[in-house]
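The values are calculated or read from the model by the stated rules, or taken from the named source; none is laboratory data. If you're wondering where the values come from, they're calculated on a predicted model, not measured in any experiment. Ideal geometry is used to build each Cβ from the backbone, glycine not excepted, and the neighbour counts take in all protein chains shown.
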């Protein structure tokens, strides 16, 4: 009985998003999260560092986006928050690999699974089709939405 009280009444209070802006993740830290073989020709800056596309840039390049599908437990205990996911997209526009950078453990698996299903327009630079890196920030929210939620990046119930 005690476990049920903690799980359904106290746990949701302890895991609510504080509403504070997330701390930016330094680029060198993000670069270490990519697990895939990066021998693919990547979209690079003048210093040969990967150029990271943010959520909005990725959404603009997407030909198909998939919002996360939260687990029933997450909906029941009303977990809110953001999940930041690093992705590597190959030259065909398919997600080659996904790595969760931050987020509540009950939200990360559905965000990672959704990111794997995204498809993108191939990126061309200097006459070559290149692989590229990006950061997707998924938002999970219960209750009333502050604004119209983005159907690709927001989950609201």
Might you let me know whether region 48-67 holds any residue that is out of contact with any helix residue (DSSP H, G or I) (no Cβ under 7 Å at 6 or more places or on another chain), exposed (fewer than 12 other Cβ atoms within 10 Å of the Cβ), assigned to a helix (DSSP H, G or I) and modelled with pLDDT of 90 or more? yes
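Report whether or not residue 126 is within 23 Å of residue 52 (Cα to Cα), modelled with pLDDT of 90 or more and more than 14 Å from the chain's Cα centre (by Cα). First the steps, then the outcome.
Numbers: within 23 Å of residue 52 (Cα to Cα): yes; modelled with pLDDT of 90 or more: no; more than 14 Å from the chain's Cα centre (by Cα): yes.
Taking the combined requirement at face value, the residue does not satisfy it.
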Subset of region 96-114, residues within 12 Å of the chain's Cα centre (by Cα) and without any contact (Cβ under 8 Å) to a residue 40 or more places away in the chain, comes to 98, 100, 103, 107, 108, 109, 112
Within the set of pairs 6+ apart or on separate chains, which have a first residue in region 133-157 that is touching a residue at least 12 places away in the same chain (Cβ under 8 Å) and at positive phi, a second that is crowded, with 21+ Cβ neighbours inside 10 Å and not in a strand (DSSP E or B), and C-beta atoms under 6 Å apart? none
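Yes or no, residue by residue, for (1) assigned to a helix (DSSP H, G or I); (2) touching a helix residue (DSSP H, G or I) at 6+ places or on another chain (Cβ under 6 Å); (3) under 24 Å from residue 143 (Cα atoms):
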{"site": "82", "(1), (2), (3)": "no, no, yes"}
{"site": "87", "(1), (2), (3)": "no, yes, no"}
{"site": "96", "(1), (2), (3)": "no, no, no"}
{"site": "106", "(1), (2), (3)": "yes, yes, yes"}
{"site": "112", "(1), (2), (3)": "yes, no, yes"}
Cβ-Cβ distance below 9 Å, separation of 6 or more or different chains: which pairs start in region 35-64 with a residue that is farther than 15 Å from residue 150 by Cβ and end on one that is at pLDDT 90 or above and part of a helix (DSSP H, G or I)? 53/60; 53/61
Would you pick out the residues in region 114-142 that are under 10 Å from residue 85 (Cα atoms) and assigned to a strand (DSSP E or B)? 134, 135, 136, 137, 138
